[in-house]
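Okay, so here's the structure we're looking at.
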2 protein chains.
Amino acid sequence: MQDLLTYLEAEQPKINEALDREVGELHPLVQATIKHVLSAGGKRLRPLLTMLTARCLGYGRDDIYPLACALEFLHSATLLHGDILDGAELRRGLPAAHTVFGSTQTILAGDALLALGNKIMARPGIPKLTECISEAIMHTATGEIAEIAHVRNAKLTEAQYLDIITGKTAYLIQASCRVGAILGKANKERERAAASFGLSLGIAFQLVDDALDYASTSEATGKPVGADILEGKVTLPLLLYLRDMEGPERETFTRQFEKKILVASELSDIADKVRQGGYADQTRTKAKDYADRARDSLLRLPDNKERKLLETALDYVLTRDK
Amino acid sequence: MQDLLTYLEAEQPKINEALDREVGELHPLVQATIKHVLSAGGKRLRPLLTMLTARCLGYGRDDIYPLACALEFLHSATLLHGDILDGAELRRGLPAAHTVFGSTQTILAGDALLALGNKIMARPGIPKLTECISEAIMHTATGEIAEIAHVRNAKLTEAQYLDIITGKTAYLIQASCRVGAILGKANKERERAAASFGLSLGIAFQLVDDALDYASTSEATGKPVGADILEGKVTLPLLLYLRDMEGPERETFTRQFEKKILVASELSDIADKVRQGGYADQTRTKAKDYADRARDSLLRLPDNKERKLLETALDYVLTRDK
């Protein structure tokens with residue numbers, strides 16, 4: 001993992017410089033909101049994946065930085081709009097942008113970031129790039145819509161849950177890798193391998209995120225413990241817990257949860273039971289399965305330093321505790 | 001004008017069929033919101049401009065319909081988000097989407113439409129198309145941001161006002177024409193001519209819109225009379241009125257307007273004075289100047305049936321009373 005951190009440390013100044021330069025071109029009114037969301041930590045996972053995949057496939061040019069940043073912009077746009085939709089108050093321990101700047105500026109800032117990401121991606125004049133990005137954004141929007149459509153639906157199936165997280169999280173991570181492969185002029189098989197790697201990594205990433213929501217403390221994640229259940233989000237730890245419940249008990253919970261009858265303290269108690277029952281750990285085990293799939297996909301990419309770092313990124317995703 | 005209406009009548013079923021087909025692919029949760037904004041009238045001006053420009057330049061394929069619709073989707077996305085930002089309650093005489101479906105669904109529907117528009121535009125694999133569209137969306141977002149930044153700023157200059165309307169309205173209309181030119185494989189000069197035509201037409205369109213806000217009745221526009229001044233928007237009729245005010249009187253108004261001291265009835269009185277002073281008419285005269293510029297640009301396009309219809313579109317924009 002140390003190798004990846006060293007790599008990231010070396011590249012982060014150039015990534016951040018590119019981020020600042022592009023954001024500096026936007027209207028001053030939205031800059032503060034955008035800087036707020038960009039500076040709220042984040043490991044620049046998506047730009048890093050784009051750079052590593054591109055370089056793994058032989059891309060050596062420095063215009064990789066703004067292109068890699070475009071993925072961070074698109075991701076940040078989904079965070080800005082998403083936090084409004086979820087009514088989330090915190091983002092990585094800091095107040096969510098809409099609580100500081102208001103909904104108007106946050107919607108505008110998200111729209112500006114979406115436009116900026118698309119504009120940067122159109123620069124090289126490679127149709128496949130914009131196709132890849134536009135599809136990913138479409139999937140992301142659809143995933144977010146599906147998530148909202150299923151709020152408080154305790155009858156959600158595991159397959160539906162996987163569809164939701166694949167859409168809202170994994171497709172943009174897949175695109176981060178695919179963009180790298182397209183820039184690296186990968187042949188079809190390698191482009192597919194990079195895409196599969198990204199998709200599986202993305203699913204693993206969200207599974208760990210959903211496990212962390214139940215497993216870790218507020219200080220570590222920067223979000224309240226059990227934030228998901230409080231927002232009415234049904235994620236895998238809760239689904240696994242419900243599957244093991246007795247029939248009548250499950251029916252009671254399902255009915256009360258749907259009707260918003262349960263108060264915060266009751267929901268927190270359930271979150272505790274989910275954690276104590278080991279369902280967050282089971283979710284992490286599932287994440288490991290997806291990470292293994294991602295590892296298999298990597299074997300179809302050239303065996304070099306960057307491929308090793310991509311493999312390390314998998315370990316980072318699996319072991320992170322915030 | 002009759003020719004244009006006949007053309008529109010013949011094409012509208014195919015445009016609407018393409019709109020329905022594309023929207024039908026989206027998640028059911030956002031379809032109702034999207035159908036609401038799409039069905040709230042609208043003359044499909046942007047798709048029509050794309051089709052006419054493309055055909056004027058010799059493009060004969062039927063895949064023009066979804067591509068033309070992409071412009072309507074992008075436009076509708078800006079309406080959905082824009083009405084939330086403005087706190088507008090009505091849109092063409094119907095309740096604005098966010099008042100019916102709530103902000104969450106309206107933000108999501110706007111994001112889905114933005115993604116859909118970009119995705120459709122990426123289909124033909126022509127880099128210039130996506131570049132054109134991404135730039136237009138960036139300008140549109142920037143224009144909306146600037147408009148919000150200048151709410152209640154009675155010291156706005158005419159140049160700043162023109163920048164705002166060029167961004168928020170004219171660039172997407174410019175793109176509608178430029179997309180047609182790119183599809184029609186226009187040479188550089190003709191592509192520029194189509195773009196100039198669209199930009200001037202777009203500015204004229206918004207000037208007339210801003211004049212109508214002061215000049216016409218609520219039944220005609222489907223919006224309250226003087227809605228702009230009530231929302232704190234400073235548009236050209238008000239700017240012209242202020243320019244003719246005595247110094248001290250203007251300063252008093254400026255201060256009170258900025259501080260939101262004026263109540264609705266006082267603002268309505270000012271709107272009446274703006275109308276009675278002929279400032280809406282002066283704004284229409286300005287629109288005519290831009291329409292003349294647009295007409296000049298048309299001369300650089302091939303002289304055929306479609307060019308005549310594009311010229312008629314100018315008359316439609318200038319003479320519309322709602």
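State the answer as a single residue: which of B:LEU267, B:THR50, B:LEU299 lies farthest towards the positive end of the charge dipole of the protein assembly as shown, with beta carbon charges of +1 for Lys and Arg and -1 for Asp and Glu, about the Cα centre.
B:LEU299
Which residue, A:MET121, A:MET51, A:MET245, tops the fluctuation ranking in a GNM of chain A built on C-alpha contacts under 10 Å?
Ranking A:MET121, A:MET51, A:MET245 by mean-square fluctuation puts A:MET245 first.
With only alpha-carbon atoms in the gyration tensor, what are the semi-axes of the equivalent ellipsoid for the protein assembly as shown, in Å, largest first?
After diagonalising the Cα gyration tensor, the semi-axes are 45, 30, 23 Å.
Once you have the Kirkwood Rh of the range A:2-319 from its Cα pairs, apply Stokes-Einstein at 4 °C and 1.567 mPa s and quote D in µm²/s.
Rounded to a whole number, D works out at 64 µm²/s.
What angle do you read, to the nearest 10 degrees and between 0 and 90, between the alpha-carbon axis of helix B:28-39 and the longest principal axis of chain B?
Tilt of helix B:28-39: around 70 degrees.
Each label point is 7 Å from the Cα along the Cα-to-Cβ direction; what then is the distance between the points at B:LYS185 and B:ASP62, in nm?
Rounded to a tenth, the inter-label distance reads 2.2 nm.
Just flag the GluC sites (Glu not before Pro) in the range B:1-82 sitting in loop per DSSP whose Cβ has no more than 11 other Cβ atoms within 10 Å.
Answer in residue order: B:GLU25.
How far apart are the A:GLY24 label points across copies, placing each 7 Å from Cα toward Cβ, in nm, shortest first?
5.0
Residue by residue through the range B:156-172, what is 3J(HN,Hα) from phi via Karplus (6.51 cos²θ - 1.76 cosθ + 1.60, θ = phi - 60°)? Round to whole Hz and write x for glycine and proline.
3, 8, 4, 5, 5, 4, 5, 4, 4, 6, 4, x, 6, 10, 6, 5, 6
Quickly work out the B:ARG293-to-B:GLU89 label distance, labels modelled 7 Å from Cα along the C-beta direction, and quote it in nm with one decimal.
Reported label-point gap for B:GLU89 and B:ARG293 is 3.7 nm.
Give the chain B residue with the shortest beta-carbon distance to the rotation axis relating chain B to chain A, plus that distance as a whole number of Å.
B:THR130, 2
Every other copy gets compared here: list the nm distances from the B:THR6 label point (7 Å along Cα to Cβ) to its counterparts, shortest first, one decimal.
7.7
Quick one: label points 7 angstrom along Cα→Cβ at A:VAL263, distances to the other copies in nm, smallest first?
Distances between equivalent label points, in nm: 4.2.
Within a 10 angstrom radius of the beta carbon, how do B:LYS155, A:LYS259, A:LYS14, B:LYS168 rank from fewest other beta carbons to most?
Ordered from fewest to most neighbouring Cβ atoms within 10 Å, B:LYS155, A:LYS259, A:LYS14, B:LYS168 come out as A:LYS259, B:LYS155, A:LYS14, B:LYS168.
Rounding to the nearest 20 debye, state how big the charge dipole of the range B:163-317 is about its Cα centre with +1 on each Lys and Arg Cβ and -1 on each Asp and Glu Cβ.
780
Determine the relative contact order of the range B:2-316: mean sequence separation of Cα pairs under 8 Å and six or more apart, normalised by residue count, in whole percent.
21
Rank the residues B:PHE73, A:PHE197 as a footprinting-exposure proxy: fewest other Cβ atoms within 10 Å of their Cβ go first.
The order, fewest Cβ neighbours first, is B:PHE73, A:PHE197.
Distance between Cα centroids, the range B:13-56 to the range A:157-192: provide it in whole Å.
A separation of 29 Å, based on Cα centres.
Please give the charge dipole size of the range A:2-319, origin at the Cα centre, charges +1 on K and R Cβ atoms and -1 on D and E Cβ atoms. Round to the nearest 20 debye.
760
Suppose each label sits 7 Å from its Cα in the direction of the beta carbon; what would the A:LYS273-B:THR254 distance come out to in nanometres?
6.6
No value in this document is a laboratory result; all are computed from the given coordinates. For clarity, every value in this text was computed on a predicted model and none was experimentally measured. FYI the Cβ positions are ideal-geometry reconstructions off the backbone, even for glycines, and counts take in every protein chain you see.
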